[in-house]
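Participant: Here it is: the structure, laid out below.
Throughout, read-outs are computed from the coordinates displayed, never taken from laboratory work. Model, not experiment: these values are computed from the prediction. Methodologically, a virtual Cβ is constructed for each residue, glycine included, from the backbone with ideal geometry; neighbour enumeration extends over all protein chains shown.
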Amino acid sequence: MELITALKNIGFTQQESIIYITLCKHGELTGYEAAKLSGISRSNAYAALSSLVDKGSAYIIEGTSIKYIAVTKDELINNATRSFNENLSIIKESLDYNPITNDPYVTITNPNHVIDKIKNMIMTSNHRLYFSATNEIIHTFHHELVDAADRQIKIVILSPEEPDCHYDIHHPTYSHESLKLIVDTEEVITGTLNQALYSRNKTLVRLIREAIINEIELINRRTNKE
């Protein structure tokens, strides 16, 4: 369930996520009621409720019997955003990072991480980018490409059909599963969304760039013949 996964990503446990959703759905609940409605054992439900209160994600309502109520969705989001930004500030100010100087070849195997890497490459581009991929893949990065265009980045795209985002030059090519992205002639990623190779190695960047230029030349020759 995507909602439970999202709650876990902001620091909830599985059981805390279920209990919080139960409170949101049913309103004020005793520990017994929360356990019954959520399907979680009473001891685990009470532990989750106590933890949610400690985290500021639920409140205790005092009365004849103790009841619990979830903080509102907006309050939860505001708290999570504030906490996230505070942690980012600490990391930015305190974390020392020594840049790698030997430009290694990095294999990225998780699809989400491949997508994140491509988004970061596009977002940090300064001058131009060459992007060769299917239209479906290119559409995944629609927002980042539009933002790059707004920043006056020159965008050259090689894809089977005209992409639905802004670009400077489009070269119609045959459909293939692999992708290639070169940013500022400084970094490259190639492979698929499931597994890709990333590097800032100058030799690899040059080789991939030459491959793209050769592909463009072949496309132009084919277009002229037609």
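Participant: Any chance you could count how many residues in segment 158-172 are within 14 Å of Ile137 (Cβ to Cβ) and exposed (fewer than 14 other Cβ atoms within 10 Å of the Cβ)?
Facilitator: 2
Participant: What residue, of Ile169, Ile157, Ile182, is in contact with a Pro (Cβ under 6 Å, 6 or more places away or on another chain), within 16 Å of Arg209 (Cβ to Cβ) and not basic (Lys, Arg)? Working first, answer last.
Facilitator: Working: Ile169 fails: in contact with a Pro (Cβ under 6 Å, 6 or more places away or on another chain); Ile182 fails: in contact with a Pro (Cβ under 6 Å, 6 or more places away or on another chain).
One residue alone meets the criteria, Ile157.
Participant: Now for a separate question. Every residue in segment 1-33 that is polar (S, T, N, Q) and either closer than 27 Å to Asn85 by Cβ or in contact with a helix residue (DSSP H, G or I) (Cβ under 9 Å, 6 or more places away or on another chain) (or both), please. Outline the logic, then answer.
Facilitator: Narrowing segment 1-33 to residues polar (S, T, N, Q): 5, 9, 13-15, 17, 22, 30.
Answer for segment 1-33, where residues must be polar (S, T, N, Q) and either closer than 27 Å to Asn85 by Cβ or in contact with a helix residue (DSSP H, G or I) (Cβ under 9 Å, 6 or more places away or on another chain) (or both): Thr5, Asn9, Thr13, Gln14, Gln15, Ser17, Thr22.
Participant: With respect to Pro111, is the statement that it is closer than 17 Å to Glu177 by Cα, exposed (fewer than 14 other Cβ atoms within 10 Å of the Cβ) and touching a residue at least 60 places away in the same chain (Cβ under 8 Å) true? Reasoning before the result, please.
Facilitator: On the way: closer than 17 Å to Glu177 by Cα: yes; exposed (fewer than 14 other Cβ atoms within 10 Å of the Cβ): yes; touching a residue at least 60 places away in the same chain (Cβ under 8 Å): yes.
Yes; evaluated as a whole, the condition is true for this residue.
Participant: Next up: Which count do you get for residues in segment 200-225 that are of a type in the set (Ser, Thr, Tyr) and closer than 11 Å to Ile182 by Cβ?
Facilitator: The qualifying residues number 0.
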